[in-house]
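Notes to accompany the following structure.
The values are calculated or read from the model by the stated rules, or taken from the named source; none is laboratory data. The structure displayed is predicted, hence computed values, not measured ones. A quick note on method: Cβ atoms are made from the backbone with ideal geometry, for glycine too, and the neighbour counts reach across all protein chains shown. SASA here: full protein model, heavy atoms, side chains in, ligands and nucleic acids out. Shrake-Rupley method; radii C 1.70, N 1.55, O 1.52, S 1.80 Å.
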Amino acid sequence: MTKTISFIGAGNMAYALVQGLQSGGNQSWQICVADPFPEQLEKYSATAATTFVDNNEAIQGADVVVLAVKPQVASGVVSELSLQPQQLLISIAAGINITSLQAWTHPEQAIIRCMPNTPALIQAGATGLLANDHATQDQRALAEQILAAVGTSLWVNSEANLDAVTAVSGSGPAYFFLLMESMVNAGVELGLTRSEATQLTLQTAYGAARMAQQSEEEPATLRHNVTSPGGTTAAALAVMQEGLLPETIQRALGAANQRAAELAEEFGS
C-alpha cells in the first residue's frame with residue numbers, strides 16, 4: 001500500500017532520503033517536500049516529489065511527516081503545523097528532544113526522533129532512533145523503512161543514549177576525516193605527493209572499514225592481528241599511545257555528548 005511522506009525542509013538530508021526512497025523505481029511512497037524558499041525546491045524537479053512552499057499544504061493526508069529543519073527554527077515551524085495525532089512525526093532536527101516536540105504538537109502525537117549522519121547522502125549512513133510511547137509498532141516499522149533507504153539504523157531507549165549516538169556516529173565522520181587529513185599530510189612530509197598520499201589513505205580507510213564490518217572480531221582484536229611485535233605498525237601505535245590518543249578520543253566524544261544535551265536546552269521548549 002502506498003504511503004504518503006511529507007518533508008518539512010528541503011535541505012541535503014531530506015534530499016538524500018527522497019533519493020533513497022525512490023531508488024530502484026520504488027513506488028511505495030508518495031513524497032511531498034515543503035520549503036519556504038522556492039530555490040531550495042528546484043533540485044527536486046528531477047525527482048517524483050511534489051513540492052510546496054506551504055508546510056500545512058504539504059502535510060495534508062500524510063502518513064509520515066519528517067521534520068528536516070535547523071534546530072534554531074524547529075520550535076516556530078513545528079508549532080505552526082496542523083498535525084493530527086495519528087500522523088507520525090519523525091524529527092531529524094539535531095538536539096531537539098521528544099519532550100519539546102510533544103509540547104509543540106499534541107499530547108498524544110506519535111513521535112520518533114532520529115540522528116542520521118552525513119554518509120546518508122551516499123546511502124551509507126548510520127542512524128539512531130528513539131520513539132515515544134504513542135508511536136505504534138507499524139509506525140516504528142515505517143521509520144525503519146525510511147531510514148533503511150540511506151543506510152543502517154538502530155533503536156535506543158533514552159534521550160541520553162541518542163546523545164551518545166550523536167557523539168559516536170552523528171559527529172563521527174568528521175573524526176575520521178581529521179584522521180585521514182592528518183595521514184595525508186604526514187605522507188606528504190615523508191616524501192609522497194599529495195595525490196599519492198590521498199589515494200593510499202582513502203583506500204586504506206575504506207579497506208579497514210570493510211574488514212571490520214565483515215569480521216566477527218572486535219576492532220581491538222583486528223588491531224592486534226595486524227601489529228607484529230617490534231614492527232612498523234607497533235612503532236606507530238606506540239607513539240599514538242604515548243600521545244594519549246585513546247584518552248583524547250574518549251574526551252572528544254564526551255564533549256560532543258555534552259554539547260548534544262546542551263542543544264536540547266538551547267532550542268527546546
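Conditions (1) touching a residue at least 24 places away in the same chain (Cβ under 8 Å); (2) open to solvent by 70 Å² or more (accessible area, probe 1.4 Å); (3) touching a helix residue (DSSP H, G or I) at 6+ places or on another chain (Cβ under 7 Å), marked per residue:
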| site | (1), (2), (3) |
| --- | --- |
| Ser28 | yes, no, no |
| Val33 | yes, no, yes |
| Glu42 | no, yes, no |
| Ala46 | no, yes, no |
| Thr51 | yes, no, yes |
| Val64 | yes, no, yes |
Hey, can you tell me all the residues within segment 163-190 that are closer than 16 Å to Thr118 by Cα and among the aliphatic types (A, V, I, L, M)?
Val165, Ala167, Val168, Ala174, Leu178
Specify which of the listed residues (Thr248, Thr232, Thr221, Thr227) is at pLDDT 95 or above, of a type in the set (Ser, Thr, Tyr) and in contact with a Leu (Cβ under 9 Å, 6 or more places away or on another chain).
Thr227
Could you identify the single residue in Gln86, Gln109 that is farther than 30 Å from Pro173 by Cβ, open to solvent by less than 10 Å² (accessible area, probe 1.4 Å) and touching a strand residue (DSSP E or B) at 6+ places or on another chain (Cβ under 9 Å)?
Gln109
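Can you tell me which residue is farthest from Val53 (Cα to Cα) among those in segment 3-17 that are of a type outside the set (D, E, K, R) and part of a strand (DSSP E or B)? Walk me through it before giving the result.
Pass one, segment 3-17, residues of a type outside the set (D, E, K, R): 4-17.
Going one step further and asking which of them are part of a strand (DSSP E or B), we end up with 4-8.
On the way: Thr4: 17, Ile5: 16, Ser6: 12, Phe7: 11, Ile8: 10 Å.
Going through the qualifying residues, I end up with Thr4.
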